[in-house]
Structure formats: C-alpha cells, structure tokens
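Novice: Just dropping this structure here.
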C-alpha cells in the first residue's frame with residue numbers, strides 16, 4: 001500500500017512538472033509574436049491581414065492552438081471540430097486551404113511560448 005502511494009505521488013509530481021514546463025514562456029512568445037505574428041494579426045479584435053485574435057485563447061484549446069501553430073496546413077486538412085469552428089468564425093468554411101503562413105517551422109515549445117504571450121496580452 002505504501003509503495004502504491006509513493007508511486008502515485010511520483011507520477012503526480014512528474015505530470016504536474018510536465019504540465020508546468022509546457023505552459024510556455026511569454027517573453028519568448030513575444031519575440032515570436034513581434035517577428036512573425038504581428039505582421040498579419042492584431043491582439044485586439046481588429047482585422048489586419050489575418051483576423052484579430054482578441055480572446056482566441058479562451059475560444060480554442062491550447063492543444064488545438066499548438067497544432068495550428070506547428071502545422072496550419074495539416075490542421076486545416078484534418079478539419080476537426082475546433083478547425084471547423086475557426087473556419088466558421090473566419091467565414092472560411094468553403095476555402096480549400098489556409099492562407100496562414102508563419103514562415104518558420106515552429107516546435108511545440110515555440111507554440112507554447114506564443115500561446116503564453118497571447119494569454120498574457122488578451123489574445
């Protein structure tokens with residue numbers, strides 16, 4: 001019984017630590033935002049080249065946003081429920097492909113940093 005409790009605590013610690021590590025670094029996210037994202041997006045509701053992203057982190061899950069940032073074309077093609085909702089919100093249901101072009105291959109850690117920055121700044 002005691003051994004089980006120790007294993008359970010170790011697993012809880014490991015998963016808690018991994019979750020904290022994946023939370024992202026908003027300062028690093030700002031670097032990405034400033035160099036890539038803000039060319040096409042505003043953090044408020046105003047459309048630029050792409051849609052304004054005000055409140056997007058409340059509308060979409062972190063897992064979906066990570067998939068989207070890492071590979072928007074693949075996420076578009078997979079067309080899961082969150083992608084369908086995004087297409088509907090953007091009025092792009094009939095579009096055959098996304099016009100989202102990051103110009104860099106992001107890792108999941110990079111995406112987590114961008115999401116952390118967006119959460120801290122109203123995105």
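The values are calculated or read from the model by the stated rules, or taken from the named source; none is laboratory data. Everything quoted here is computed from the prediction, not taken from an experiment. FYI the Cβ positions are ideal-geometry reconstructions off the backbone, even for glycines, and counts take in every protein chain you see.
Novice: Being out of contact with any helix residue (DSSP H, G or I) (no Cβ under 7 Å at 6 or more places or on another chain) and at pLDDT 90 or above narrows it down to one residue among 63, 12; which is it?
Specialist: 63
Novice: Right, here's the next one. Any chance the stretch 98-108 includes a residue that's within 23 Å of residue 23 (Cα to Cα), assigned to a helix (DSSP H, G or I) and at pLDDT 95 or above? Reasoning before the result, please.
Specialist: Initially, the stretch 98-108 is screened for residues within 23 Å of residue 23 (Cα to Cα), giving 102, 104-108.
Now drop any that are not assigned to a helix (DSSP H, G or I), which leaves 108.
Retained after the next criterion (residues that are at pLDDT 95 or above): 108.
Yes; the residues of the stretch 98-108 include at least one that is within 23 Å of residue 23 (Cα to Cα), assigned to a helix (DSSP H, G or I) and at pLDDT 95 or above.
Novice: When the residues of the stretch 55-67 are narrowed to those that are touching a residue at least 40 places away in the same chain (Cβ under 8 Å) and part of a helix (DSSP H, G or I), which ends up farthest from residue 110 (Cα to Cα)? If you could, list the steps in order and put the result at the bottom.
Specialist: First, pick out the residues of the stretch 55-67 that are touching a residue at least 40 places away in the same chain (Cβ under 8 Å): 55-57, 62, 65-66.
From the residues that got through so far, the ones that are part of a helix (DSSP H, G or I) too are 56-57, 62, 65-66.
Values: 56: 17, 57: 16, 62: 13, 65: 12, 66: 9 Å.
For the stretch 55-67, the residue satisfying everything is 56.
Novice: Restricting the search to the stretch 68-87, which residues are without any contact (Cβ under 8 Å) to a residue 12 or more places away in the chain, over 15 Å from residue 111 (Cβ atoms) and not in a helix (DSSP H, G or I)?
Specialist: 79
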